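Undergrad: Pasting a structure below so you can have a look.
Each reported figure results from applying straightforward, stated rules to the coordinates on display, with no laboratory input. Please read these numbers as outputs of a predicted model, since none were measured by experiment. Quick reminder, even Gly has a Cβ in these numbers, built from the backbone with ideal geometry, and neighbours come from all protein chains shown.
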Amino acid sequence: MAVLEIEKRHTVTQELRAAIVGTGSVAVLHAESIAATPGVRLVAVADVMPRRAAEFAATHGAGAAFESIEQLFAAEQIDVVHLCTPPGVHEPQAVAAFAHGAHVIAEKPPALSLTELQSMTDAAARADRRFAVVFQQRTGTAADHVKRLLDSGALGRALFAACDTLWLRDAEYYSVPWRGRWETEGGGTTLSHGIHQIDLLAYLLGDWRAASAQLWRQERDVETEDVSTGTILFEAGTVASVSTSVVSPRQTSSIRIDTERATIEVDHLYGHDRSHWRITPAPSVSAEEAAGWEFPHDDTPSGHDALLASVYASLIAGDPLPAVAAEPARALEIVTAFYASARLGGTIGRPAVQGDPELRGTLRAPVADNRP
Ligand SMILES: NC(=O)c1ccc[n+]([C@@H]2O[C@H](COP(=O)([O-])OP(=O)(O)OC[C@H]3O[C@@H](n4cnc5c(N)ncnc54)[C@H](O)[C@@H]3O)[C@@H](O)[C@H]2O)c1
């Protein structure tokens, strides 16, 4: 429960009042996580499709449904806004939510560009509110265990990584009007799907130094790319090969990290627990030492539940956001470097992505079309 200091001697507890804006497919995961989290209540929802909003409110026990975020804020005082709308409206909606005095939890990708993301983080700072982005692949006991092992140095230096998001999305998926278009989706599968694994990879390996990529259109009828192939060089010298696709019949989301002392692998689709991870020690590592790298048995899987539970715990305690929700810009910076590389050619360094307004303003880039 959020604790309000009324007077020095008296404290009262108060539930956080949450609202979901955008009641499409991913919103269900948010409503279920809110329902499972003590100290927070879903009080209202909003969607430009009024019937969808009303049905969602009835299903998930929200007291009110609105047709816009403006109507929502005019009628209700909200403490936390969950943005489950298409990414093209995240920026104005987040700015409105911060002006209302709410914290914001935004779905990935947080925005269509780093310029928009900066506007959101600036608005959060001005309002002294928290801004969390849903990169739920960082969460779960197993990812935490691997991060601790890597950070401790027990596995030696990370040398090479492979990061694959090989999914299948058909024409029906792209029939939703905002998908597949630069204007409304901001980018293709690299921005919308690959960003999850790229975020997890960067969460594990730390700061990046430079990146390059090429964009391909192999089959789908989209303006953006349906395949990309990229390379990331991390500050620690680790080189990573990154492939992203929506034309892959056997789907997988996988990361492999080869360090001096082990190979770490995770192979899953939309979420992972300890059963999806494997650490293979190098021949030089004793069985006794490798036994100490075993994954913990009290296993919390990755996902919205884990992420939102830890974000709400920090909001309720008044603490900074947890590491699993910190650094909202890092994955978008890497993805921005990929698109800029496809546009300009060559390798794009982190300073350019962090400082050049032209790079930060858009992801639009030429896509090599290999369709017959
Ligand atoms: N973290 C994940 O695993 C995950 C999974 C799926 C989608 N997402 C992200 O969630 C977001 C939404 O994706 P989705 O698949 O749920 O989309 P969706 O199209 O199913 O739902 C979006 C909803 O927002 C509504 N909407 C559109 N504009 C609006 C506006 N201005 N105000 C209020 N409502 C508006 C639409 O009517 C629709 O109901 C995207 O950013 C997407 O990338 C994340």
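Undergrad: Quick check: from the Cα gyration tensor, does the chain come out rounded (a/c under 1.5), prolate or oblate?
TA: Details: a/c = 1.74, a/b = 1.24, b/c = 1.41.
Verdict is oblate for the chain.
Undergrad: What is region 110-216 by shape, rounded, prolate or oblate, if you read a ≥ b ≥ c off the alpha carbon gyration tensor as root eigenvalues and call it rounded for a/c under 1.5, prolate for a/b larger than b/c, and oblate otherwise? Mind showing how you got there, number by number?
TA: Details: a/c = 1.99, a/b = 1.27, b/c = 1.57.
It is oblate, given that a/c is not under 1.5 and a/b is not larger than b/c.
Undergrad: Express as a percent, rounded to the nearest 5, the fraction of DSSP beta bridges in region 2-134 (both residues included) that run antiparallel.
TA: Given both bridge residues lie in region 2-134, the antiparallel proportion sits at roughly 15 percent.
Undergrad: Considering the options Ala127, Thr37, Val48, tell which one lies farthest towards the positive end of the dipole of region 2-134, charges being +1 on Lys and Arg and -1 on Asp and Glu at the Cβ, about the Cα centre.
TA: Thr37
Undergrad: With the chain treated as a Gaussian network of Cα nodes joined by springs under 10 Å, which of Ala142, Ala75, Ala162 yields the largest mean-square fluctuation?
TA: Top of the fluctuation ranking is Ala75.
Undergrad: Comparing His103, His145, His304, which has the greatest mean-square fluctuation in the GNM of the chain with Cα pairs linked when under 10 Å apart?
TA: His145
Undergrad: Sticking with this structure for a sec: At 0.36 nm per residue, minus the direct Cα-Cα distance, what do Ala368 and Arg41 gain on full extension? Give it in nm, one decimal, please. List each step's numbers first, then the result.
TA: Details: separation 327, 0.36 × 327 = 117.72 nm, distance 4.75 nm.
Between Ala368 and Arg41, full extension yields an extra 113.0 nm.
Undergrad: Moving to a separate point now. So for each of 210-220, 168-178, 335-345 I average, over its residues, the number of other beta carbons within 10 Å; can you give me the resulting order with the highest mean first? Walk me through the intermediate numbers first.
TA: Values: 210-220: 20.7, 168-178: 12.5, 335-345: 22.8.
Ranking the peptides 210-220, 168-178, 335-345 by packing returns 335-345, 210-220, 168-178.
Undergrad: Take each uninterrupted DSSP H stretch in the chain, measure its Cα extent along the helix axis, and return the ones at 18 Å or beyond whose mean Kyte-Doolittle hydropathy is at least -0.5.
TA: Span-like helices here: 114-127, 304-317, 330-344.
Undergrad: In terms of the Cα gyration tensor, with a ≥ b ≥ c the square roots of its eigenvalues, is region 2-134 rounded because a/c is under 1.5, prolate because a/b exceeds b/c, or oblate?
TA: Details: a/c = 1.80, a/b = 1.13, b/c = 1.60.
Oblate, since a/c reaches 1.5 and b/c is not below a/b.
Undergrad: So which GluC sites (Glu not before Pro) in region 48-96 end up in coil per DSSP with only 14 or fewer other C-beta atoms within 10 Å?
TA: Details: sites: Glu55, Glu67, Glu70, Glu76; in loops: Glu67, Glu76.
Within region 48-96, the qualifying GluC sites (Glu not before Pro) (loop, at most 14 other Cβ atoms within 10 Å) are Glu67.
Undergrad: Order 130-140, 193-203, 319-329 from most to least packed using the mean count of other Cβ atoms within 10 Å. Walk me through the numbers before you get to the answer.
TA: Working: 130-140: 26.0, 193-203: 24.5, 319-329: 16.8.
The packing order, highest mean first, is 130-140, 193-203, 319-329.
Undergrad: Run through the DSSP bridge list for the chain and note the antiparallel percent, rounded to the nearest 5. Please report the intermediate quantities before stating the final value.
TA: Details: 41 of 71 bridges.
Restricted to the chain, the bridges split so that about 60 percent are antiparallel.
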